[in-house]
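Heads up, the thing below is written out as structure tokens.
The values are calculated or read from the model by the stated rules, or taken from the named source; none is laboratory data. Since we're looking at a predicted model, the values are computed, not measured. Heads up, the Cβs are rebuilt from the backbone with ideal geometry, glycines too, and the neighbour counts pull from every protein chain shown.
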Amino acid sequence: MKDKTGKQLSLKEIAIKVLKRIETIFSEFGTMVIHLVGYVPSHNIRNFYYQIAGLKIGQGSAIHMGARFYDLSNIEIGKDSIVGEDVTLDGRDKIKIGDHVDIASEVMIYNAEHDIHDQFFAPKTEPVVIEDYVFIGPRAIILPGVKIGKGAVVAAGAVVTKDVADFSIVGGVPAQIIGERKVKDLNYKLGRVAWFR
């Protein structure tokens, strides 16, 4: 038996590959279960199951229906933050989301990708940090290794490929600075989340 690069494998290497494949199948099954939990129409029930699976989530924070995760144990969400419908939070590396963060519907936050310059298209990961009072508009995409500073705003549909400074407003593909948030002394709460959303 040969691997994908054409190297002949020993019996020991084959056994290791089989065990890794079994581990991957169990992991994929767990990911599917968490995905299905995302359609339970109660954020309290969803948060309970997400926390059992390793998510760290602060008081008053909620994840709306349809969210998709790849590894909850690497994701940390602060207090009074809202994650909108159908959001993807990768989690194959660390994702840290601060307090009072509003992430709109269908946002995708990735921290894993393939190295297009590697001959084997090797995977690589980098953490993503989103600081307090950030707003990320609908269908924005945040790519691996990005830090979004306190109070920053990411416009709808933006693709963020590099760090965003505190209180900056960015938009476009790739995201560029298009403005600055005028209020710097932010002190709001996002409010109560609907029970069945």
### Task
Restrict the check to the range 51-58 and report whether at least one residue is more than 17 Å from the chain's Cα centre (by Cα) and more than 20 Å from residue 197 (Cα to Cα).
yes
#### Entry: Of all residues making up the range 75-92, the number that are within 19 Å of residue 31 (Cβ to Cβ) and crowded, with 21+ Cβ neighbours inside 10 Å
7
### Message
Suppose we filter the range 100-128 for residues that are surrounded by fewer than 19 Cβ atoms within 10 Å (Cβ to Cβ) and not small (Gly, Ala, Ser); how many remain?
### Response
17
### Residue satisfying all of: in the range 60-74; of a type outside the set (A, V, I, L, M) and under 17 Å from residue 90 (Cβ atoms); surrounded by the most Cβ atoms within 10 Å (Cβ to Cβ) among these
69
### Task
Out of the residues in the range 30-59 that are touching a residue at least 60 places away in the same chain (Cβ under 8 Å) and either charged (D, E, K, R) or in a loop (DSSP other than H, G, I, E, B) (or both), state the one that is surrounded by the most Cβ atoms within 10 Å (Cβ to Cβ).
42
### Query
Any idea how many residues of the range 125-148 are within 14 Å of residue 100 (Cβ to Cβ) and either part of a strand (DSSP E or B) or free of Cβ contacts under 8 Å to residues at least 40 places away in the same chain (or both)?
6
### Query
Being at pLDDT below 95, of a type in the set (Asp, Glu) and assigned to a loop (DSSP other than H, G, I, E, B), is that true of even one residue in the range 96-109?
no
### Task
Output the residues belonging to the range 164-193 that are surrounded by 12 or more Cβ atoms within 10 Å (Cβ to Cβ), part of a loop (DSSP other than H, G, I, E, B) and without any contact (Cβ under 8 Å) to a residue 60 or more places away in the chain.
165, 166, 167, 172, 174, 175, 181
